[in-house]
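The values are calculated or read from the model by the stated rules, or taken from the named source; none is laboratory data. What you see is a predicted model, and the numbers here were worked out from it, not measured in a lab. We place every Cβ from the backbone using ideal geometry, glycine too, and count neighbours over all the protein chains shown. Heavy atoms of the whole protein, side chains included, go into the accessibility calculation; ligands, DNA and RNA do not. Shrake-Rupley method; radii C 1.70, N 1.55, O 1.52, S 1.80 Å.
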Amino acid sequence: MEEIGIKNKHRVQKHGEVFTPKKIVKSMLEIQEVNEACKSLTSTFLEPSAGEGAFLTAILERKLNIVVEQYNDGLERFENYSLLTLTSLYGIELLEDNAQTCVLNMFQVYYDIYKEQVQLHNGELKKKVLDSAKEIISSNIRQGDFLSRNTIDGKPLVFSEWSPINMRKTTKNIKIQRTEYTLDEIYENTEKEFGEIINKAINKTIEPYKQLDMFELLEEDVESEKEISKKMRYIPVNITDVYTKEMEEFYE
Ligand SMILES: C[S@@+](CC[C@H](N)C(=O)[O-])C[C@H]1O[C@@H](n2cnc3c(N)ncnc32)[C@H](O)[C@@H]1O
């Protein structure tokens, strides 16, 4: 069947939206250095204009096939290493519909290959594995403007680094430390504390004409001061549990 690379003329003119056909993606991934990088589970890729994921899905397929070949001595190993592979693929896409399709396409590739492995091992699809896959994909593929490094509403684009902290040849259950960075921080090579998240500012506004109990107001102030100094960070978890987004409080 013929592939359609264009949705409409306006989108081509305004956003340069032309999707790369599978055949061309395939030949580009055959370039030696790229091909080598696809064979390493942890080599990272960032597609700054991801579209519907023509490149990212093809890279994911290749990387997952390596997991199938090398980590097939049990479903648990496949689950752990396939999720690790997912953490290495990042994308940015300006248009909402494309970004959503890209996330769905990535999940579909993951789901199909996972399901094959489940059948091969006479196992069952695990909800926590699928939920963790969704969490990783939706954190790594973001809608935004690569040029301004911001989301559509002007906030910094945030990505997670997923560091395995217990990797040995025999590791079955991979433990992951997640840390958040803005795209600016990634470019500036900013060092972060393990687990740090980008602080989502708490903007408490006091409505000017509302009758306020003075004691209530004082209590609110104490509360908001506490919220400013209190920070949250991710704690290390098994990779199949990253969907829980487990955090702990800490004070600076
Ligand atoms: C030529 S298409 C390529 C899509 C995909 N890489 C492929 O090969 O099929 C370019 C894509 O970049 C997106 N785009 C345009 N400007 C962008 C920007 N500043 N930041 C992120 N994405 C952008 C468009 O919406 C479009 O989906």
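Altogether, the Stokes-Einstein calculation at 10 °C and 1.306 mPa s, with the Kirkwood radius of the chain over Cα pairs as Rh, returns a diffusion coefficient of 78 µm²/s.
The residues T171, T44, sorted by heavy-atom accessible surface at 1.4 Å with ligands and nucleic acids left out, run T44, T171 from largest to smallest.
Taking every protein chain into account, the 1.4 Å probe leaves M28 with about 90 Å² of accessible area, to the nearest ten.
Per residue, region 9-251 exposes an accessible area of 60 Å² to a 1.4 Å probe, with every protein chain left in place.
In debye, nearest 20: dipole of the chain around its Cα centre with unit charges on the Cβ of K, R (+) and D, E (-)? Write out the running numbers ahead of the final one.
Numbers: 33 positive and 45 negative charges, 226 e Å.
Charge dipole, the chain, about its Cα centre: 1080 debye, nearest 20.
For region 1-40, the Kirkwood estimate of hydrodynamic radius, built from reciprocal distances between every pair of different alpha carbons, is 11.9 Å. Helix-only arithmetic for the chain: the sum of -39500 (n - 2.57) across DSSP H runs with n ≥ 4, divided by the residue total, places the mean residue ellipticity at 222 nm at -14000 deg cm²/dmol. Split the accessible area of the chain by element, probe 1.4 Å, and carbon with sulfur accounts for 51%.
Hey, what do the phi angles of region 238-252 turn into as Karplus ³J(HN,Hα) couplings, whole Hz, using 6.51/-1.76/1.60 and θ = phi - 60°, x for Gly and Pro? Here the 3J(HN,Hα) series is 4, 4, 7, 10, 5, 4, 6, 6, 5, 10, 10, 7, 8, 10, 8 Hz. Along the axis of the charge dipole computed for the chain (Cβ charges of +1 for Lys and Arg, -1 for Asp and Glu, origin at the Cα centre), the listed residues T87, L157, M232 are led at the positive end by T87.
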